Amino acid sequence: MAFSASHDPETNSEWTRYCQLNWFNDDLGIWLDISRMHLDHRKLGIIEEDFPKILDSMNSLENGSISNIDEQRQVGHYWLRNASIAPNDEIKNSINGQISTIKEFSQKILEGTIKSFNNKNFSDVVWIGIGGSSLGPSLLINALGNSKQKLDFHFLDNIDPEGMCRVLSRIEAKIDSTLFVVVSKSGSTPEPKITMEAVREYVLSKGCNWTKHAIAITMPDSKLDKLAKAEDWLATFELQDWVGGRTSITSSVGLLPASLLGLDINEFLKGASSMDQLTRNPSYKDNPAALLSTSWYLAGEGKGKRDMVVLPYKDRLEVFSRYLQQLVMESLGKKNNRQGQVVHQGLAVYGNKGSTDQHAYVQQLRDGVDNFFVTFIEILDDIGEFNFVNGLNSGDHLSGFYQGTRQALTESGRQSITITMDKLNPFTLGALIALFERAVGFYAEMINVNAYDQPGVEAGKAAAADVLKLQGRIENLLSDCKPRSLSQIDKEIGENSIESIFIILRHLIYNRPEYKTIGEFNNPNELKFLKCS
Ligand code: PA5
């Protein structure tokens with residue numbers, strides 16, 4: 001490990017463990033402390049034999065192999081922050097070209113060279129996307145937004161009609177100076193598509209222009225790409241086939257919002273690529289991603305038996321817990337291993353922020369069921385200063401609360417990891433994200449699952465489509481205005497799906513006045529449904 005301090009190897013004091021089990025890199029200003037996990041160097045050695053194979057596999061992924069076997073795709077997010085390692089010149093040039101294009105475009109928006117349809121400077125951005133197409137941008141805006149930013153960001157990452165209305169009402173007065181960024185790698189995910197259509201209607205109903213304000217981020221030739229090109233939207237940025245949603249933060253998906261925020265995107269990419277480089281270290285003891293993933297492995301016995309609770313002691317990193325939840329759980333939560341055997345793997349992640357959560361579920365962490373380990377994130381530079389009468393500022397208190405919680409957990413036998421960063425800026429955020437991406441990649445190798453597909457997400461999309469088809473058939477059937485019981489509807493539809501029919505009709509009753517019931521909900525089998533205007 002890179003951290004060293006004089007210590008007595010004979011003792012097992014907290015300080016000795018801290019010195020022995022703490023990785024530090026001066027250039028990045030990042031510490032990784034695993035001393036409060038129930039492990040030691042002997043246990044960490046569990047990775048030793050397989051580590052060369054893990055690195056070989058990462059190396060082959062970086063060299064362009066089809067590492068996402070199920071989708072027959074390359075996995076190229078590491079090229080995005082260091083195009084020189086991309087497998088061919090075409091990819092290298094496209095990555096570098098895209099970075100320049102995003103910078104130029106953002107510059108023009110920020111300096112007002114590109115204006116709104118009625119010649120105003122843009123003031124707001126509505127970001128339409130879900131999952132990996134939204135969490136990265138939301139993390140960047142929350143973590144690095146600043147008082148000098150020229151654009152306010154709003155996120156539409158769901159199709160809850162009320163949620164959409166709330167966001168749109170916030171920008172109603174500025175709708176003519178708002179940019180709409182529609183992000184969908186596949187270009188056909190229902191949620192962003194439906195949201196985009198609803199927002200477009202809304203924009204047009206306000207007498208504004210859509211195409212001069214709309215930007216697409218998607219794969220070439222996707223439905224969204226074709227639409228944006230056919231309608232001549234303001235801009236389209238490519239999201240490459242070899243970039244997965246949850247690892248897209250260093251692609252156009254993250255670089256565009258970062259750049260529109262006025263951040264130095266090169267610093268962000270440099271932070272990520274520096275961490276990538278450090279995690280190529282062949283000595284697992286000096287490789288932070290190996291230390292992190294092995295700690296996860298040991299804690300959960302390689303089966304995800306312990307959840308990871310993420311507690312950043314920094315409001316700006318509040319979204320990081322959700323960001324990691326997707327990165328880790330969508331990547332590692334798999335039914336089958338790479339040979340197709342059923343393994344039901346995963347690592348559950350939840351969290352919010354400290355010290356806020358100390359007044360919520362930390363009670364259980366300290367005293368209740370011991371089925372987790374905590375990952376604290378500590379930022380040394382407090383930035384804001386609020387002085388108190390006793391001479392301590394609020395940052396001192398926050399640090400005290402972090403240290404107190406860490407210690408209290410240790411005293412009750414609970415495990416924790418701490419990642420400490422000297423400051424939070426584009427460089428360190430890039431490094432932090434890369435550390436977790438690499439750790440997820442290593443862990444996936446250790447448990448032999450494909451970290452880059454998401455069959456469960458695809459299955460959910462297909463199931464939702466089936467429900468909507470069924471709704472169409474029910475609506476069609478009831479359009480004759482005749483009352484029918486659930487079993488009659490089920491029989492006529494012929495799919496043996498009485499429960500779904502009930503749930504669909506109950507929703508329709510509450511939202512469409514033409515749907516009516518005869519009877520009581522507490523006696524659903526006697527209840528009749530009809531559609532009559
Ligand atoms: O990480 C992923 O792959 C997913 O969460 C996707 O980002 C999400 O399903 C949205 O997909 P798309 O960008 O194709 O609309």
Seminar exercise, completed: In the set LEU204, LEU227, the lone residue that is more than 16 Å from the ligand (Cβ to nearest atom), farther than 27 Å from ASN96 by Cβ and without any contact (Cβ under 8 Å) to a residue 60 or more places away in the chain is LEU204
Exercise. Only one of (1) open to solvent by less than 80 Å² (accessible area, probe 1.4 Å); (2) under 20 Å from the mean Cα position of the chain (by Cα) is not met by THR178, so which one is it?
Worked result: (2)
Problem set entry | Total residues in the range 446-489, condition free of Cβ contacts under 8 Å to residues at least 60 places away in the same chain and not in a helix (DSSP H, G or I) | 7
Exercise. What about SER188, is it touching a strand residue (DSSP E or B) at 6+ places or on another chain (Cβ under 7 Å), assigned by TED's automatic domain parsing to the domain that holds ASP221, within 16 Å of the ligand (Cβ to nearest atom) and open to solvent by 10 Å² or more (accessible area, probe 1.4 Å)?
Worked result: no
Exercise. All but one of (1) assigned by TED's automatic domain parsing to the domain that holds LEU39; (2) in contact with a Leu (Cβ under 8 Å, 6 or more places away or on another chain) hold for PHE436; which doesn't?
Worked result: (1)
For this session: Within the range 237-256, identify whether any single residue is in a strand (DSSP E or B) and within 16 Å of the ligand (Cβ to nearest atom), and answer yes or no.
Result: yes
For this session: Take the range 246-300 and flag every residue that is open to solvent by less than 10 Å² (accessible area, probe 1.4 Å) and among the aromatic types (Phe, Trp, Tyr).
Result: PHE268, TRP296
Seminar exercise, completed: Every listed condition ((1) in contact with a Lys or Arg (Cβ under 9 Å, 6 or more places away or on another chain); (2) touching a residue at least 24 places away in the same chain (Cβ under 8 Å)) holds for THR236 save (2)
Exercise. Can you find even one residue in the range 418-425 that is away from the ligand (no atom under 16 Å from the Cβ), touching a helix residue (DSSP H, G or I) at 6+ places or on another chain (Cβ under 7 Å), open to solvent by 10 Å² or more (accessible area, probe 1.4 Å) and over 18 Å from ALA272 (Cβ atoms)?
Worked result: no
Problem set entry | Subset of the range 296-348 that is farther than 18 Å from PHE376 by Cα and of a type in the set (Lys, Arg) - its residue that is nearest to the ligand (Cβ to nearest atom) | LYS334
Exercise. Which ones in the range 170-185 are farther than 13 Å from VAL126 by Cα and away from the ligand (no atom under 16 Å from the Cβ)?
Worked result: ALA173
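Conditions tested, residue by residue: (1) touching a residue at least 12 places away in the same chain (Cβ under 8 Å); (2) in a loop (DSSP other than H, G, I, E, B); (3) surrounded by 12 or more Cβ atoms within 10 Å (Cβ to Cβ).
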position: SER57; (1), (2), (3): yes, no, yes
position: GLY64; (1), (2), (3): yes, yes, yes
position: VAL75; (1), (2), (3): yes, yes, yes
position: TRP79; (1), (2), (3): yes, no, yes
position: PRO87; (1), (2), (3): yes, yes, yes
position: GLU90; (1), (2), (3): no, no, no
position: SER94; (1), (2), (3): yes, no, yes
position: SER100; (1), (2), (3): no, no, no
position: LEU110; (1), (2), (3): yes, no, yes
Seminar exercise, completed: Checking ALA465, ALA444, ALA451 in turn, the sole residue that is over 19 Å from LYS314 (Cα atoms), surrounded by fewer than 15 Cβ atoms within 10 Å (Cβ to Cβ), within 16 Å of the ligand (Cβ to nearest atom) and not basic (Lys, Arg) turns out to be ALA465
Exercise. Taking the range 519-533 as the search range and keeping residues that are open to solvent by 70 Å² or more (accessible area, probe 1.4 Å) and part of a loop (DSSP other than H, G, I, E, B), which one is nearest to PRO483 (Cα to Cα)?
Worked result: GLU526
For this session: Quick one: LYS516 ticks every box in (1) in a helix (DSSP H, G or I); (2) open to solvent by 40 Å² or more (accessible area, probe 1.4 Å); (3) among the basic types (Lys, Arg) except a single one, so which number is it?
Result: (1)
For this session: Quick one: count up the residues across the range 130-169 that are under 24 Å from HIS77 (Cα atoms), more than 16 Å from the ligand (Cβ to nearest atom) and among the polar types (S, T, N, Q).
Result: 1
For this session: Please give the number of the condition SER487 fails out of (1) open to solvent by less than 80 Å² (accessible area, probe 1.4 Å); (2) closer than 30 Å to LEU332 by Cα.
Result: (2)
Problem set entry | Out of PHE122, PHE153, sole residue that is hydrophobic (A, V, I, L, M, F, W, C), open to solvent by less than 50 Å² (accessible area, probe 1.4 Å) and more than 29 Å from ASP241 (Cα to Cα) | PHE122
Problem set entry | Odd one out for LEU365, checked against (1) more than 25 Å from the chain's Cα centre (by Cα); (2) surrounded by 20 or more Cβ atoms within 10 Å (Cβ to Cβ) | (1)
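The values are calculated or read from the model by the stated rules, or taken from the named source; none is laboratory data. Keep in mind that what you see is a predicted model, and the values were worked out from it rather than measured. For neighbour counting, all protein chains shown are included, and Cβ atoms are generated from backbone atoms with ideal geometry for every residue, glycine included. Only protein heavy atoms, including side chains, enter the accessible area calculation; ligands, DNA and RNA are left aside. Shrake-Rupley method; radii C 1.70, N 1.55, O 1.52, S 1.80 Å.
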